[in-house]
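Taken together, the values in this text are just the output of simple stated rules run on the coordinates, not laboratory data. Note that the structure is a prediction, hence the values are computed from the model and not measured. Here the Cβ positions follow ideal geometry from the backbone for every residue, glycine too, while neighbour counts run over all protein chains shown.
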Amino acid sequence: MPRLRFKDVVVRGAVQGIAAVALLFVGMFFVTDHHDRVTFLAVVAGFSMVFAGAGIVFGGFFWMACGGDIRRWRDWRTITSQTGGVMIMAPVLVRCGVLALVLFPGALGLYDLVDNAAFDSWLYGS
């Protein structure tokens, strides 16, 4: 298999982040109370902001530390040293960090949309 490229990992993380925003949009309707819905979206936005920063920073550091030998998750059995797990965790952290980076503005936008919704609208809740 060809080696993972940074651009491909970032694009896949962004696509998965868009899917996560759509899932969050559907999932917010399961929280029916307005205050709880707004709190839920605020907490998701906060956690995704923190995880995006940590995932991208540590994933980028691991990626640079590997020197180009980046492996996929399914290549776990090919690791021969104690520090070889970094070769697998680098793309995982970058992808999850980019996913969270896309999820953060989506959750923040949904928070703002629900918070400013009219009292009798379907976005407001009960």
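Points to keep in mind about this one:
- Residues located in the stretch 70-96, provided they are closer than 20 Å to Gln16 by Cα and either surrounded by 14 or more Cβ atoms within 10 Å (Cβ to Cβ) or not hydrophobic (A, V, I, L, M, F, W, C) (or both): Arg71, Arg72, Arg74, Ile88, Met89, Ala90, Pro91, Val92, Leu93, Val94, Arg95, Cys96
- Residue pairs whose Cβ atoms lie under 9 Å apart, separated by 6 or more positions or on different chains, with the first residue in the stretch 52-73 and over 17 Å from Phe104 (Cβ atoms) and the second of a type in the set (S, T, N, Q), are Ala65/Thr83; Arg71/Thr78.
- When every residue of the stretch 117-125 is checked against the conditions, none turns out to be in contact with a helix residue (DSSP H, G or I) (Cβ under 9 Å, 6 or more places away or on another chain), assigned to a helix (DSSP H, G or I), on the phi < 0 side of the Ramachandran plot and surrounded by 13 or more Cβ atoms within 10 Å (Cβ to Cβ).
Yes/no matrix, rows are residues, columns are (1) more than 16 Å from the chain's Cα centre (by Cα); (2) assigned to a loop (DSSP other than H, G, I, E, B); (3) among the basic types (Lys, Arg):
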| position | (1), (2), (3) |
| --- | --- |
| Gly46 | no, no, no |
| Phe61 | yes, no, no |
| Ala65 | yes, no, no |
| Arg74 | yes, no, yes |
